[in-house]
Ligand code: GLU
């Protein structure tokens, strides 16, 4: 049984491709930090995107991490088995009057943005939602989820007002960082094709699993503003955050799942050993 003051780390890949060196770095770093403080290390399978998640990729995650020499607690949480938990969190936000149904297409939003010079974009470069569905008559979130095919969005202005001032997070080496969730606009918290979104699932799971330390790539730094907003609204505990540098390829480009050459299995097939990978990634030998 975990002790009450034991720290808890997690590696949370999505099984829609093979793990590459960037994933290996993140997993090894989480594992090492957990070991150094006598903490827990969890593996979580982020497979809410049931259209893209594939069993062979999930099996490969287990196999590749074991090959790297990592061990994790069981049972492993698979997000696709916990849609009820996300629905409960969404119902709570809905009770606060913070959600609305949206059936706009991505292309409608893109056209709207293109027609409005200087329309703001979120930190990932996508145009902010135009707000077309915000003032339509509200429908209970549960009904929208049951119906499917319609998204649920967060009314960001209301959410920020309700959360109040002084929303921050503690970032390793930086200290308190001011959260700015409004930069994401009215984000989708339940997708048209699956009854949750990454953002709601990640905060609910980190809380349910008692994660105290979220260690993940720098590409998710800005998403933390949104995660802190949801944690405050849902009265969930606040983990500490550490966003590490991304592993880049020889051309200085971010590694992506499409670059087959850096997947752990391709390296292994080329005769690279787990210790070679650990050495190449830094202080993990
Ligand atoms: N599932 C996410 C990914 O594979 C990581 C989520 C997180 O660490 O918060 O990029």
In the stretch 95-107, anything surrounded by fewer than 13 Cβ atoms within 10 Å (Cβ to Cβ) and either touching a strand residue (DSSP E or B) at 6+ places or on another chain (Cβ under 8 Å) or part of a helix (DSSP H, G or I) (or both) is listed as 95, 106, 107
Checking residue 186 against (1) within 16 Å of the ligand (Cβ to nearest atom); (2) crowded, with 16+ Cβ neighbours inside 10 Å; (3) more than 26 Å from residue 7 (Cα to Cα), which test does it fail? (1)
Name the single residue that is nearest to the ligand (Cβ to nearest atom) among those in the stretch 19-54 being in contact with a strand residue (DSSP E or B) (Cβ under 9 Å, 6 or more places away or on another chain) and modelled with pLDDT under 95. 22
Go through 202, 214 for me and flag whichever is in contact (Cβ under 8 Å) with a residue 40 or more places away in the chain, within 14 Å of the ligand (Cβ to nearest atom) and out of contact with any strand residue (DSSP E or B) (no Cβ under 7 Å at 6 or more places or on another chain). 202
Do you know which residues across the stretch 119-151 are part of a loop (DSSP other than H, G, I, E, B), under 28 Å from residue 219 (Cβ atoms) and in contact with a helix residue (DSSP H, G or I) (Cβ under 9 Å, 6 or more places away or on another chain)? 119, 120, 122, 123, 124, 126, 128, 129, 130
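Residue by residue, here is whether (1) in a loop (DSSP other than H, G, I, E, B); (2) surrounded by fewer than 13 Cβ atoms within 10 Å (Cβ to Cβ) holds:
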| site | (1), (2) |
| --- | --- |
| 5 | yes, yes |
| 14 | yes, no |
| 26 | no, no |
| 31 | no, no |
Helices (runs of 4 or more DSSP H) lying entirely in the stretch 219-284 (those with 2 or more residues that are farther than 24 Å from residue 181 by Cβ): 264-269, 274-281
Scan (1) assigned to a loop (DSSP other than H, G, I, E, B); (2) in contact with a strand residue (DSSP E or B) (Cβ under 9 Å, 6 or more places away or on another chain); (3) over 19 Å from residue 151 (Cα atoms) for the single condition residue 114 breaks and write down its number. (1)
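The values are calculated or read from the model by the stated rules, or taken from the named source; none is laboratory data. These numbers were taken from a predicted model, which means no experiment stands behind them. Neighbour counts run over all protein chains shown; Cβ positions are idealised from the backbone, glycine included.
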